[in-house]
Each structure stands twice: as structure tokens, then as C-alpha cells.
Amino acid sequence: MRFLGEKYKYEGVNLMINISARKTAKASRKIEKHIPALERVMTYQEKVHLMVIEVLREESGRELAAAARFNGQEFDWDKHNSQFRKDYVNTPLKELVNYARKLYGLNNPVLSLWQ
């Protein structure tokens, strides 16, 4: 029988079990403050805002990807997605809805409530 702290050989790798390190790791974990479920859920307006951002991101990406393809270029969806979200995350919903109307003709009565 081997004792904790003794070296073990496993497929050519030396492993050292350090019981005191395990105990300190467990003790140093912070106790999470309880937040009620409904306070953690996004509001309807936040959901609509994110939905409009994602619709605009997808539509603009498709348009830019088609233009790149037509010109024989590569289109990087990952770069477009991350940059678009950074650029428009703080844009007011009213402005996003105006972009959707102006650029893509999107007209939704639910979205018009938030203007």
C-alpha cells in the first residue's frame, strides 16, 4: 500500500499527490451569494435588444459574406460576429430597430413598442 505524498509512476510520468494543497484549494473556494432565480433572468427589453443585435449581425454577415464571395475573398464569420457584438452591444434598441428598418426592411410591431 502506498501512502499519500509518495510518488506514483503512471505511463512514465511522476505524479505527486499533495493532500495539503487539496485541502487549501477547497477551503479557499468562495461561498456564492444566493440570488433568487427571477433576479438572474434578463428582462424582456434586454432579450429584445439582444435578439435585434443578433438579427442584424446575421443579416449583415450574410450580406458581407456574399460580397466577399463575389469578389473572390474570404469572409471570417468569427471575426465579424465578435466585432459586431462589441460594436453594437451598447447601442440603444431604438437605434438598432431603425437600422433593421432602413437596411433590411424589418418591421415588427413588437419591436416598435420599444421606441
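Write out, first by first residue and then by second, each pair whose Cβ atoms fall under 8 Å of each other, whose residues are 6+ apart or on separate chains, and whose first residue, in the range 42-71, is more than 18 Å from Asp87 (Cβ to Cβ) and in contact (Cβ under 8 Å) with a residue 12 or more places away in the chain while the second is of a type in the set (Val, Ile, Thr) and in a helix (DSSP H, G or I).
Pairs that qualify, where the first residue is more than 18 Å from Asp87 (Cβ to Cβ) and in contact (Cβ under 8 Å) with a residue 12 or more places away in the chain and the partner is of a type in the set (Val, Ile, Thr) and in a helix (DSSP H, G or I), are Val48/Val110.
Can you say whether Val110 is aliphatic (A, V, I, L, M), modelled with pLDDT under 95 and surrounded by fewer than 11 Cβ atoms within 10 Å (Cβ to Cβ), as far as the supplied structure shows?
yes
Exactly one of (1) of a type outside the set (D, E, K, R); (2) closer than 30 Å to Asn81 by Cα; (3) at pLDDT 85 or above is unmet by Leu38. Its number?
Single failed check for Leu38: (3).
Quick check on Gln45: is it assigned to a loop (DSSP other than H, G, I, E, B) and either among the polar types (S, T, N, Q) or under 21 Å from Lys102 (Cα atoms) (or both)?
Spelling it out, it is not the case that Gln45 is assigned to a loop (DSSP other than H, G, I, E, B) and either among the polar types (S, T, N, Q) or under 21 Å from Lys102 (Cα atoms) (or both).
Quick check: is even one residue across the range 60-71 touching a helix residue (DSSP H, G or I) at 6+ places or on another chain (Cβ under 8 Å), assigned to a loop (DSSP other than H, G, I, E, B) and modelled with pLDDT of 90 or more?
Checked the range 60-71: no residue is touching a helix residue (DSSP H, G or I) at 6+ places or on another chain (Cβ under 8 Å), assigned to a loop (DSSP other than H, G, I, E, B) and modelled with pLDDT of 90 or more.
The values are calculated or read from the model by the stated rules, or taken from the named source; none is laboratory data. Everything numeric here is computed off the predicted structure, so don't read it as measured data. Neighbour counts are summed over all protein chains in view; Cβ atoms, including those assigned to glycine, are modelled from backbone coordinates with ideal geometry.
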